[in-house]
Amino acid sequence: IDSSKSYAYVAEGVGGIAVIQISPLNSIIRIKEMKTNLNDCRGICVSNGKLFVADDKFGMAIFSLSNPASPSFIGKTSSWTGTALDVFSIGDHAYVANGLNGLSMVDISNPSAPSVVKTVDTPGLALD
């Protein structure tokens, strides 16, 4: 779960992403379900007006939050090895917990074509 302004975004596995209006507090409501360009959402991160999605064996996807109630697809990693379980973004890079493969650093300077820069092995399973 992560949030931006008046909305929360929830990774729901094969159910995609749920967009939930969280403000005002007395009217929390699920307003949208997103499955397009997604397969098995495991983790999400909101950063710099974008929604980053760890999409299991399918890598990482990026959505624009220019309309936070209705995120729009920007791009996805074209080649992926491993299992994207969670994601964190800062600057021009996203860091993906990549299961048994460790931590993958993804260049997001061109959000329509994110690409893996390097993967570093970690002991055990990288989950979060």
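Residue-wise HN-Hα couplings along the range 7-20, as the Karplus relation 6.51 cos²θ - 1.76 cosθ + 1.60 with θ = phi - 60° gives them from phi, are 10, 10, 10, 10, 6, 10, x, 5, x, x, 10, 9, 9, 10 Hz; Gly and Pro carry x.
Annotation: amide H-H contacts under 5 Å for F58 (H modelled 1.01 Å from N, sequence separation of 5 or more, or interchain): A84.
Simple point charges give the picture: +1 on the Cβ of Lys and Arg, -1 on the Cβ of Asp and Glu, and for the chain a dipole about the Cα centre of about 320 debye. Of the residues G43, V10, P24, the one whose Cα sits farthest toward the positive end of the charge dipole of the range 1-52, with +1 on the Cβ of Lys and Arg and -1 on the Cβ of Asp and Glu, is P24. Summarised as an ellipsoid, the range 27-93 has semi-axes of 20, 14, 11 Å, derived from the eigenvalues of the Cα gyration tensor scaled by 5 and square-rooted, with the largest first.
For the range 61-128, the spherically averaged projection of the C-alpha convex hull amounts to 4.6 nm².
The range 89-127 and the range 1-66 have Cα centres spaced 19 Å apart. Hydrodynamic analysis of the chain uses the Kirkwood radius over alpha carbon pairs. Inserted into Stokes-Einstein at 20 °C and 1.002 mPa s, it gives a translational diffusion coefficient of 149 µm²/s. For K57, the aspartates and glutamates whose Cα falls under 13 Å of its own Cα, not counting residues fewer than eight places away in the same chain, are D40, D86. The packing ranking of peptides 17-27, 81-91, 98-108, 67-77, highest mean first, is 98-108, 81-91, 67-77, 17-27, where packing means the average number of other beta carbon atoms within 10 angstrom of each residue.
None of the figures in this text is laboratory data; all of them are computed from the coordinates on show. Bear in mind the structure is a predicted one, so any value in this text is a computation, not a measurement. As a convention, Cβ positions derive from the backbone with ideal geometry for all residues, glycine included, and neighbour counts pool all protein chains shown.
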